[in-house]
Amino acid sequence: MVEIRSYHYEPEKFEAYKVWALDEAVPYLKENLDIVGFWIDNGASPELSGSSPAPQPIGSANITWIIRWPDMEARNIGHEKIFQGADWANIWERHPDANGYLQMEARFADEI
C-alpha cells in the first residue's frame with residue numbers, strides 16, 4: 001500500500017520550509033523510508049477541472065509525498081520508529097516553523 005501525504009504550508013514561510021525540507025528532512029526520510037516521491041510546489045498555478053471544480057480556501061497542497069508500506073500495521077510501527085526517534089527530533093528542532101502547517105492530509109491506497 002502507499003500513504004499519500006499532502007500538506008498545505010503557510011505560503012509566507014514556504015521558502016524557509018523548502019530549504020529545511022530539502023537540506024534536512026528529505027535526505028533523512030529517503031534514507032529511512034521507502035519514499036516513492038516527494039514533491040514541492042514550484043509556483044505554477046494549479047489546474048482545476050471537472051464538473052464542479054472548487055479551489056480550497058487555503059489553496060492547493062504545496063507539499064506532497066508518497067511512502068510505500070507493506071500494510072497499515074507496518075506504517076504505524078514505521079511512523080513511531082522514525083518520527084519518535086532522536087534523529088528526527090534533532091532535525092525537527094531546526095524546522096523553521098512547526099506551526100506553519102495549515103492542513104495535512106494522509107490518504108491510503110493499494111499500489112497497482
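Carbon and sulfur atoms: what percent of the 1.4 Å accessible area of the chain do they account for?
The value for the chain is 49 percent carbon and sulfur by accessible area.
Pulled fully out, how much extra length does the chain show between residue 30 and residue 112, if you take 0.36 nm times their separation in residues and subtract their Cα-Cα distance?
Values: separation 82, 0.36 × 82 = 29.52 nm, distance 2.17 nm.
27.4 nm is the gain from fully extending residue 30 to residue 112.
For residue 105 and residue 71, FRET efficiency with R0 = 22 Å and r from the beta-carbon atoms, rounded to 0.05?
Result of the calculation: an efficiency of 0.60.
Roughly how many Å² is the accessible area per residue of segment 28-112, as a whole number, for a 1.4 Å probe?
72
Please list, in order along segment 50-57, the HN-Hα scalar couplings obtained from phi with the Karplus expression 6.51 cos²θ - 1.76 cosθ + 1.60 (θ = phi - 60°), rounded to whole Hz, x for Gly and Pro.
For segment 50-57, the Karplus-derived couplings read x, 7, 8, x, 9, x, 7, x Hz, x marking Gly and Pro.
Between Rg and the Kirkwood Rh of the chain, both from Cα atoms, what is the Rg to Rh ratio?
Numbers: Rg = 15.0 Å, Rh = 15.3 Å.
Computed over Cα atoms, the ratio is 0.98.
What are the ³J(HN,Hα) couplings of segment 8-22, residue after residue, when phi is run through the Karplus curve with 6.51, -1.76, 1.60 and θ = phi - 60°? Round to Hz, x for glycine and proline.
Coupling constants for segment 8-22: 10, 9, 3, x, 5, 10, 5, 4, 5, 4, 4, 4, 4, 4, 5 Hz.
Where nothing but the Cβ of Lys and Arg (+1) and of Asp and Glu (-1) is charged, how large is the charge dipole of the chain around its Cα centre, in debye to the nearest 20?
80
Working with all protein chains in place, sort 105, 3 by solvent-accessible area computed with a 1.4 Å probe, largest first.
Ranking 105, 3 by accessible area, largest first, yields 105, 3.
The values are calculated or read from the model by the stated rules, or taken from the named source; none is laboratory data. No experiment lies behind these values; they were computed from the predicted model shown. Glycine gets a Cβ as well: all are built from the backbone with ideal geometry, and neighbour counts include every protein chain shown. Each accessible area value is taken on the protein alone, full model and side chains, heavy atoms only, with ligands, DNA and RNA left out. Shrake-Rupley method; radii C 1.70, N 1.55, O 1.52, S 1.80 Å.
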